[in-house]
1. For the pairs Lys107/Lys221; Lys161/Lys458; Lys319/Lys375; Lys221/Lys303; Lys55/Lys464; Lys55/Lys134, note any where the Cα-Cα span goes beyond 22 Å.
2. Distance between Cα centroids, segment 216-235 to segment 427-458: provide it in whole Å.
3. What does the charge add up to near Arg232, with Lys and Arg as +1, Asp and Glu as -1, over the other residues with Cβ less than 9 Å from its Cβ?
4. Please report the net charge: other residues with Cβ closer than 10 Å to the Cβ of Met40, K and R +1, D and E -1.
5. Near Met133, within a Cβ-to-Cβ distance under 14 Å, what is the net charge of the other residues, with Lys and Arg +1 and Asp and Glu -1?
6. Let me know the Kirkwood hydrodynamic radius for segment 384-498, please, with Cα pairs as the basis and the value in Å to one decimal.
7. Output the relative contact order of segment 345-462, whole-number percent, from Cα pairs under 8 angstrom with separation of 6+ residues.
8. If we sort 416-428, 297-309 on the protection proxy, mean other Cβ atoms within 10 Å, highest first, what's the order?
Amino acid sequence: MSYDLPAEGSRVRLIGLKNPSLNGQVGQITGYAQGGERVMISLLDTPSPSVVKVKPKQMEVLAEGPRRRLTSRSRSNGYGNSIRRGLSRDARDDTSVVSQELVQLLKSADQMFEMADTSGDGVISRQEFDYYMKRNTKHSKEMIRDAFKMIDRDGDGEITKEEVRKAFLQKRREVNGKSVWDGGGEDELLMCSRDADALFERADTSGDGYLSKREFELYMKRNTKHSDMAIRELFSMMDVDNDGFITRDEVRRVFLRQKKQSGGYGGGLEGEGKMSMGELLGLDDDDMNELADDVYNMFFLSKPCGQAFWYALLIFALKTGLFVIIAIDLLTNKSFPDGSDVPLLVKCTQFLLLPVAVAIEEELIVTFFIYSNLKWSPVILELNPYAYKYKYHLGNMMRLIDGLLFLFINTSLLLQAVDILSMFLNFAALQFLQVIDNIALHLARDGYLTENLEEVAKDVTLMKLPRNHNDMLQILDSLLLFVTFVVLVVAWVLVQVL
């Protein structure tokens, strides 16, 4: 269903919401997410700034109008730190005509790219470009072909977002007869846009195109050494419209303004030194790795004896109980057939499925990877005060037990099979057991359970662990996988012999 979306800054009233306290509230549209399927609305009648995200049909327009700047008490808190000295308050004043024009230009370029990239693979193919141009222009086939060649600067047959931005800037330069700045600057402008993209790719864990204060703070604490006060001030500086969220346009606007003031991209940031936006935001730091998406990391991040703590233990007990029941049945009611009773084709299939049995053990592989490549660090306690070292190891041990039990059951069923069809059916039938912990995490994260569980489940997405940089340890996961495979081969040989 399509809606006529009102302009940003329009006053609206919330309607048709499940939460009765929100129905009838008046707010102001601050932006759109998910291609217009969700609307970000800043409520006006609350004691402190509050932003909600609703569907277009859950609002009615009261008045169209230009976007109104909101106020917040946090703006008056003078932190006086080095980031304030680097990003001056004037950088937030949207008074530069050039900056407004360039921000809108790059926004249009990105919108064109998103609309044309129908496959979502990050590049525009020739077919996607032709389809987009035929739908949105009246150009001839020859003009469309020439436009594609002009934008595709490296001639690889695909258009990147960077090439679209360059094409828009070039068009502006041709129309105005001059560069963005008298001394050039397109490269620095594109660098700023790339850094903005990198920031959102890493920090926007919700994927809605907005950086909340929590997402920004957690990202900055993981990737920089800035103080909490400096991070809050940086967020305040970059949140130009003061709606509690940062957009790509706001990142560009702030740094374009700073460029005009300092005479260079990033010049003057962080005191008297020079620091690019990438350095300021820790975008060059690839030294962290995301946590696995399962309840065992919910346990790691949970408050001891809190809801998430017991929830994770309950899911682990549930999976373990099911594994034990199946194992008892296999050992008491089933038996391994005599090697002479198993057809040769079945034996060969069993052997070929042994590496598959190892490869699908997600919990086992994840645990091997964690102990080979990652490490617990006291730094994570600054992000989550309950991420204790003992819970880190205990959570990983639960995952390891989960993986070993599943591997035992899968291998036992594989070696007890006397025909190929039953072998594959057993493989498929047990796969649902493996994803129980993942489903439990997503149920919590999607808000089907309590708010506390939802918050901890979302923290799993936000948190990261540092890499260990130990060359010897980093081969441990491959070695453990090989040993696991060898154990299965030995078991297969013993079954055939005995």
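1. Details: Lys107/Lys221 29 Å; Lys161/Lys458 30 Å; Lys319/Lys375 26 Å; Lys221/Lys303 20 Å; Lys55/Lys464 32 Å; Lys55/Lys134 30 Å.
Check vs 22 Å cut-off fails for Lys107/Lys221; Lys161/Lys458; Lys319/Lys375; Lys55/Lys464; Lys55/Lys134.
2. Comparing the Cα centres of segment 216-235 and segment 427-458, I get a distance of 30 Å.
3. -2
4. -1
5. Details: positive: Arg126, Lys134, Arg135, Lys138, Lys141, Arg145, Lys149; negative: Asp117, Glu128, Asp130, Glu142, Asp146, Asp152.
Net of charged neighbours comes to +1.
6. Mean inverse Cα-Cα distance, inverted, gives 17.6 Å.
7. That works out to 25 percent.
8. Those peptides, ordered most packed to least, come out 297-309, 416-428.
Every read-out reported here was derived from the displayed coordinates using simple, explicitly stated rules and does not represent laboratory data. This one's a predicted model, so the numbers in the text were calculated from it and none came from an experiment. Reconstructed Cβ throughout: ideal geometry from the backbone, glycine too, with neighbour counts over all protein chains shown.
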